[in-house]
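Read the structure below first, then the notes.
The values are calculated or read from the model by the stated rules, or taken from the named source; none is laboratory data. The model shown is predicted, which means the values in this text are computed figures rather than measured ones. No Cβ is skipped: glycine too gets one built from the backbone with ideal geometry, and neighbour counts run over all protein chains shown.
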Amino acid sequence: MINMFIQTESTPNPNSLKFVLDDYELCPSPVEFSKSQQNTNSVLADELFKIKGVENILFNKNFISINKNKYTWDQLKASILQVISNHINSGLPAIEENNKDSNELDSVEFDTDDLKVVKMINNILSSKIRPAIMQDGGDVTFVKYDNGVAYLSLKGSCAGCPSATITLKNGIENMLKHNIPELKKVEQVT
């Protein structure tokens, strides 16, 4: 049996809580699950979704960010901690199969003429923006680039956060526009 210390941290989103796993690597890159998803490829995510009130889950290298609905954290926290602890002690992987081995830009829609701009956006997202957002229990993925507009998806704690629009427009858009003159604006997609 693994003796695991799981620390909880609040996030800017009051409906999201971060469960930090001490010295335990959950997965190499962020993976998000929603309650409506048919096949999660994760026993851990499936078990967490059995808890009434759990709506959205983001696995990251050493933490799990969970978004809840109307239930309080006092009602949910003990059950979530128990499920995470049981799973870690089971020795099973957090994710059964990871198809994220492909090129990062394979999932981004863009015209091949825009490859240079897309690579610049992706580099800034990966090196500067994602690490900052991950600190708050969230993640951002690059979905599409079209006619000067970058379409991004906020995940984890950022999904549904009251300050998500501010993060997207004042933080992400300003940084990208400052460094990439071709970029006109950033839009959020869900």
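Mind listing whichever residues of region 45-72 are within 26 Å of Phe142 (Cβ to Cβ) and not small (Gly, Ala, Ser)? Scanning region 45-72 gives Glu55, Asn56, Ile57, Leu58, Phe59, Asn60, Lys61, Asn62, Phe63, Ile64, Ile66, Asn67. Do we find a residue being more than 24 Å from Asp46 (Cβ to Cβ) and of a type in the set (A, V, I, L, M, F, W, C) anywhere in region 79-100? There is no residue in region 79-100 that is more than 24 Å from Asp46 (Cβ to Cβ) and of a type in the set (A, V, I, L, M, F, W, C).
Here Ser79 fits the description: assigned to a helix (DSSP H, G or I), among the hydroxyl-bearing types (Ser, Thr, Tyr) and outside the structural domain of Leu152 (by TED's automatic domain parsing).
Can we say Ser85 is touching a residue at least 60 places away in the same chain (Cβ under 8 Å), of a type in the set (Gly, Ala, Ser) and in a strand (DSSP E or B)?
Answer is no for this residue.
Pairing residues of region 23-51 that are at pLDDT 85 or above with residues that are surrounded by fewer than 16 Cβ atoms within 10 Å (Cβ to Cβ) and acidic (Asp, Glu), at Cβ distances under 8 Å and at least 6 apart in sequence or on separate chains, gives Asn41/Glu96; Asn41/Glu97; Ser42/Glu96; Val43/Glu96.
Residue check: is Leu176 without any contact (Cβ under 8 Å) to a residue 60 or more places away in the chain, in contact with a strand residue (DSSP E or B) (Cβ under 8 Å, 6 or more places away or on another chain) and part of a strand (DSSP E or B)?
Spelling it out, it is not the case that Leu176 is without any contact (Cβ under 8 Å) to a residue 60 or more places away in the chain, in contact with a strand residue (DSSP E or B) (Cβ under 8 Å, 6 or more places away or on another chain) and part of a strand (DSSP E or B).
You will find that of Lys169, Lys128, the residue that is closer than 24 Å to Ile64 by Cα and in a helix (DSSP H, G or I) is Lys128 and no other.
If I filter region 164-172 for residues that are modelled with pLDDT of 90 or more and buried (at least 17 other Cβ atoms within 10 Å of the Cβ), do I get at least one hit? Yes: region 164-172 contains one or more residues that are modelled with pLDDT of 90 or more and buried (at least 17 other Cβ atoms within 10 Å of the Cβ).
Residue by residue, here is whether (1) under 14 Å from the mean Cα position of the chain (by Cα); (2) without any contact (Cβ under 8 Å) to a residue 24 or more places away in the chain; (3) under 22 Å from Val20 (Cα atoms) holds:
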site	(1), (2), (3)
Phe142	yes, no, no
Asp146	no, no, no
Ser153	yes, no, no
Ile166	no, yes, no
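Look at (1) farther than 21 Å from Asn13 by Cα; (2) touching a strand residue (DSSP E or B) at 6+ places or on another chain (Cβ under 9 Å); (3) surrounded by fewer than 13 Cβ atoms within 10 Å (Cβ to Cβ); (4) among the aliphatic types (A, V, I, L, M) and you find that Val189 fails only one, number (1).
Just give me the residues in region 131-175 being charged (D, E, K, R) and touching a Pro at 6+ places or on another chain (Cβ under 8 Å), in sequence order.
Answer for region 131-175, where residues must be charged (D, E, K, R) and touching a Pro at 6+ places or on another chain (Cβ under 8 Å): Asp136, Asp139, Lys155.
If Val54 satisfies every condition in (1) more than 10 Å from the chain's Cα centre (by Cα); (2) under 20 Å from Cys158 (Cβ atoms); (3) touching a residue at least 60 places away in the same chain (Cβ under 8 Å) but one, which is the exception? Among (1) more than 10 Å from the chain's Cα centre (by Cα); (2) under 20 Å from Cys158 (Cβ atoms); (3) touching a residue at least 60 places away in the same chain (Cβ under 8 Å), Val54 violates only (3). Across region 1-50, the qualifying residues are those that are among the acidic types (Asp, Glu) and surrounded by 13 or more Cβ atoms within 10 Å (Cβ to Cβ), and the one among them that is nearest to the chain's Cα centre (by Cα) is Glu32.
Just wondering, is there one or more residues in region 66-83 that are under 22 Å from Arg130 (Cβ atoms) and surrounded by 14 or more Cβ atoms within 10 Å (Cβ to Cβ)? Yes, some residue in region 66-83 is under 22 Å from Arg130 (Cβ atoms) and surrounded by 14 or more Cβ atoms within 10 Å (Cβ to Cβ).
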